[in-house]
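Before any comments, here is the structure.
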Amino acid sequence: MSGLATPPPFSNSASTGGATSYIAPPHRRPRSPPALLPELVEEILLRVPPDEPAHLFRAALVCKPWRRILSDRGFLYRYRTFHRKLPLLGYLHNLYANGKGPIPPFVPTSAATPLSAPVLDCGMWWALDCRHGRVLIHTFNPQYLIAHSYYAGAVLCATDDYDHLDCHCGPFLVLFVGTNEEADDGPLAWVSMYSSKTGVWSAPIDIDVDYYIESKPSLLIKDALYFTLEHGISILKYDLGKQVLTEIEPPRVFGSIAMEVEDGALGFVCVGELDNCIYKWLWQPTASGTGRWAQHMVMELETLLPRPAPTHII
């Protein structure tokens, strides 16, 4: 039709007074990537290394769905099972003070620490044991501290969970072991056990011993707890199943340390005083039904350390 004008073709340029200018195309916001499925998010978070727990705390602050995943009990159990070895958050010590002032009782080894300095007063408590996600601390009043009080303790899970990866919220047992010098024939060792299921302490069990107990962490091997008496001169064993307290004489070597060895047995290791070797001793049953300590392994430190290393101070 002759009365209608045909519009000019589209152009991103305009001419004004002989000059040409270009009109930029409209800006388009980049399209957001599709949201990950919750199952994929869980698998990604599951593979966050446990070496630095602060990473999981930061991930929980991203959004509510992530926080729900990280706080879910099922995910936490999967996380512990997947990585097996739990991270070391820090360690407790029983040093009171040095020349520079009080020493913090908890020394963190990561950015995420579950304890703060004001919670633990180093002048009022003594760390006894740490096991299965719990810490056992003995609190006391320094004004009434007895000079010759020898004691130790242990805390452990009360369930039959074989890996103890998710038992910190379940029932637990606490053992308090001590030796006192009131007996006429020498020290008397006693033990009492507390159960969170019943909420009561068991009747004390005592035996005559030759040495006093040390306030050091216990060693758990299968269904038995082992406590050190006077620099390792003797060992106190408590059978959790039979509830029997016995004294064990370790191998007569200087500076031996009790440890768990092959097949879940009790063993000892020590460093030789003259030859710079590590010796390992195992308990071997005899035909008479008793047993004896036998040297099982000798490891030369000079073949493992560089020659200038002072092996005599290890």
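The values are calculated or read from the model by the stated rules, or taken from the named source; none is laboratory data. Just so it is clear, the model here is predicted, and its values are computed rather than measured. Positions of Cβ are backbone-derived with ideal geometry, glycine not excepted, and every protein chain shown enters the neighbour counts.
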**Q.** Matching residues in the stretch 202-243 - criterion: being over 15 Å from Y150 (Cβ atoms) and charged (D, E, K, R)
**A.** K222, D223, K237, D239, K242
Q: Looking only at the stretch 299-314, decide whether some residue is outside any strand (DSSP E or B) and modelled with pLDDT of 80 or more.
A: no
Q: Out of A265, A258, report the one residue that is over 23 Å from D160 (Cβ atoms) and surrounded by 12 or more Cβ atoms within 10 Å (Cβ to Cβ).
A: A258
**Q.** Selection count where residues are touching an Asp or Glu at 6+ places or on another chain (Cβ under 7 Å), surrounded by fewer than 14 Cβ atoms within 10 Å (Cβ to Cβ), of a type in the set (D, E, K, R) and in a loop (DSSP other than H, G, I, E, B), scope the stretch 211-255
**A.** 1
Q) Pairs under 7 Å by beta carbon, first residue among the hydroxyl-bearing types (S, T, Y) in the stretch 165-186, partner in a loop (DSSP other than H, G, I, E, B) and modelled with pLDDT of 70 or more, six or more apart or different chains? A) T179/P187; T179/V209; T179/Y212
Q. Under 7 Å by Cβ, and 6 or more places apart or on different chains, what pairs join a residue from the stretch 238-264 that is at pLDDT 85 or above with one that is exposed (fewer than 12 other Cβ atoms within 10 Å of the Cβ)?
A. D239/D223; L240/D223; G241/D223
Q: Identify all residues within the stretch 279-290 that are at pLDDT 75 or above and under 23 Å from L229 (Cβ atoms); write none if there are none.
A: Y279, K280, W281, L282, W283, Q284
Q | Tally of residues being part of a helix (DSSP H, G or I), loosely packed, with under 11 Cβ neighbours inside 10 Å and among the basic types (K, R) across the stretch 55-95 | A | 2
Q: Of all residues in the stretch 280-291, count the ones that are more than 17 Å from E249 (Cβ to Cβ), surrounded by 17 or more Cβ atoms within 10 Å (Cβ to Cβ) and over 27 Å from the mean Cα position of the chain (by Cα).
A: 0
Q) Among the residues of the stretch 265-278, which ones are modelled with pLDDT under 80 and under 15 Å from T228 (Cα atoms)? A) none
Q.
Can you tell me which residue is modelled with the lowest pLDDT among those in the stretch 26-54 that are loosely packed, with under 10 Cβ neighbours inside 10 Å and among the hydrophobic types (A, V, I, L, M, F, W, C)?
A. A35
**Q.** Meets criteria (closer than 25 Å to H93 by Cβ and either among the aliphatic types (A, V, I, L, M) or in contact with a helix residue (DSSP H, G or I) (Cβ under 9 Å, 6 or more places away or on another chain) (or both)) for I235
**A.** yes
Q) Can you tell which of V174, V200 is modelled with pLDDT of 85 or more, surrounded by 13 or more Cβ atoms within 10 Å (Cβ to Cβ) and β-branched (V, I, T)? A) V174
